[in-house]
Every structure is written in structure tokens, then in C-alpha cells.
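Worksheet: the structure to be examined is printed underneath.
Taken together, the values in this text are just the output of simple stated rules run on the coordinates, not laboratory data. Since the model is a prediction, treat every value here as computed from it, not as a measurement. We place every Cβ from the backbone using ideal geometry, glycine too, and count neighbours over all the protein chains shown.
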């Protein structure tokens, strides 16, 4: 049997910040090749590859990402926990998928594939590239920390840039200028008053003010202020866009980045399920089959200095992935 904890620890020990994922990708590819998997590498740029591992015509694909957010944090075991960057997001998940797929393969199952992508933590360029491949799977089980439950749905996301404008002047004669900060603060303070859409499964649309930048020096009246918002979508992004355009009309300029839509996922009887508020690569992997979202660990500790996963959860996830694959193959 594969030691899933040792495998997770080994993956965590390989620095793989987004854009520099090669160490973790190489370890995963070598581990799979050594066990007889046919490993196809899809190069995005020099040193950056997705890996697709098969034993035949896979009907179910287990997939997650091998990149992490900064900074690199090496693995440590502390009693019942494995800590380090990627412990739950998502190298622990990758290890559980590899252990589950290898166990199934040793039992003669050839209907499961593995897809590990890069770039998920930024632009999801790995998933976009992977969707250009020719998969045979009917189902895609994507891995993110869902606390061992099937996600019944996931909120989408849309980044919005807000700009307000003023007129620069010497701060000693501030009356000759107009601060861009004043209208920005006035505008952002009304975000909570917006009547935003809600969904009975996914809950409320939320907006986070992630960054706010303005000014050059303390003795210059700022002529521009820029805020970056992140909208968590539960329905049609156009409805939220219309609301924000009315909210900002005549007071600020808006720029909308491409959005990731909200989704409702396939669930299976016998598996607990609940919605999640974060996005995943699933909307960008449409060619890989009907999507499910499942994984060990909690998103509440992902991206934090104390990221960890319970060792018991890792072992349970191996069993969970095997049960899911068998159920889907039998359907």
C-alpha cells in the first residue's frame, strides 16, 4: 500500500510556487512512471508542464493542481497533523489521488486517469491548456479542500478594478487640487448597501475590497485612486455587473476581468455534500466530463502560515477517492 503521508510530505518538500512548479511536477511524474503509468507531459512554457497519467482509456479522471501560493513552507509532522505549504491546497490532495489511483491499478482497474495542472493559484493557465487535450473520461473529480464532503456547488468569481480621478496639486495649496481618495472612500463605504443576488444553495453574492492604492507622496494631492474588488458570484455575472455599473455611474470607472461562473455539481448518494464559496479549475476543464469536487482538508487554513492537513483525513481521502471512482465507473 502507498504511504500517502510520506508521499504528501515529499510533494510539500518540493517548492512549486505558481510559475515555478517543476520540482513538484517532476516528483509526481517520476513516481507515476516508476509504477507503470503512461505519463504525458503538456508543456506550457519552458520548465512548466501539466502531467496526464493513464493506464488505458480512462472513464474517470482525478485532477488537482501542483502549484502553491507563496511563501514556500517546508513540511513538518506534529502529532496527527502534516503541515507546510500545499498540505491541503493541494499537494495532500494530489498524494491522496495518486495513492487511490495506484491502489485501483494494482487491483486491475484501468478506467482511472490522473491529471495534475500548474498555474491554478493565478491565471489557471494549466487548466486552460489541459482542456485542449483529448480526454476520454466521462467524469472529472477535481480536488480542493472540501473537508471530505462532495461540493454541491461553488461560487464563481469576477475581479473588478475601480478607479477614481482627482487633480494633483502641492499639498500646501490643496485647494488647487482634488483628492481622488475622497470619492473612492465615499464609494466603497456604500458597497454593503447594494442589493446583490442570492442563490438557495450557494448563498449570497459577496464583494471583497482586496487592495486600495492611491497617491505618490504625502505632500502631493492624489490624482488617482485604484481599488481591486473580488466578487464571489452565485448566478449570472451580468446582473452583478449591471448593479456595479449603476453604483459607480458618474463617480468611478470600472474594469471587469473575465469571470469564472458559479456552478452546481454532481453529487452521489451516500456522500455528505455542501456548497463551497471558492472557485476551482472545474469551469475550465469542460472536456473532462461531468464534474465533482471533493478533497480532504479545510480551505480556512489554505494560503495561511499555518496550513495543515490531518493525517487521518489523508487516509480517509484515499478511501473516498476509491469509492467515488468505483461508484462512477459502475454508473
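To the nearest ten degrees, helix 91-106 and the longest principal axis of the Cα atoms of the chain are 20 degrees apart.
Go ahead and set up a Gaussian network model of the chain, Cα springs under 10 Å, then flag whichever of 181, 260, 141 fluctuates most. Among 181, 260, 141, the largest GNM mean-square fluctuation belongs to 181.
The simple Förster model, with R0 at 35 Å and r as the Cβ-Cβ distance, assigns residue 330 and residue 123 a FRET efficiency of 0.45. Ranked for footprinting exposure by Cβ neighbours inside 10 Å, fewest first, 307, 255 give 255, 307.
Counting beta carbons within 10 Å around each of 327, 68 and listing the fewest first gives the order 327, 68. The value obtained for the chain, namely the Cα convex hull volume divided by the number of residues, is 148 Å³ per residue.
Largest GNM mean-square fluctuation among 117, 234, 39, using the chain with Cα springs under 10 Å: 39.
Quick one: helix 311-329 against the long Cα principal axis of the chain, what's the angle to the nearest 10°, folded into 0 to 90? Compared with the principal axis, the helix lies near 70 degrees. Entry for the range 156-256 at q = 0.20, 0.21 Å⁻¹: log10 I(q)/I(0) = -0.94, -1.01, Debye formula applied to identical alpha-carbon scatterers, no solvent contribution.
Which of these, 219, 208, 131, has the largest mean-square fluctuation under a Gaussian network model of the chain (Cα springs below 10 Å)? Comparing 219, 208, 131 in the GNM, the peak value goes to 219. Our helix-only sum for the chain, with -39,500 (n - 2.57) per DSSP H run of n ≥ 4 divided by its residues, gives a mean residue ellipticity at 222 nm of -8000 deg cm²/dmol. For the chain, the longest principal axis of the C-alpha atoms and the axis of helix 237-248 are separated by about 20°. Between residue 76 and residue 312, the contour length at 0.36 nm per residue exceeds the Cα-Cα span by 83.4 nm. Label sites at residue 290 and residue 193, each approximated as a point 7 angstrom past Cα along Cα to Cβ, lie 4.7 nm apart. FRET efficiency for the residue 186 to residue 299 pair, using the beta carbon distance and R₀ = 51 Å, is estimated at 0.95. At full extension, residue 165 and residue 41 could sit 39.9 nm farther apart than now, given 0.36 nm per residue minus the alpha carbon distance. At full extension, residue 256 and residue 208 could sit 15.8 nm farther apart than now, given 0.36 nm per residue minus the alpha carbon distance.
At R0 = 51 Å, how high is the FRET efficiency between residue 268 and residue 216 if r is their beta carbon distance? Nearest 0.05 is fine.
0.35
Summary of the geometry: the range 292-331 and the range 38-114, compared by the centres of their Cα atoms, lie 12 Å apart.
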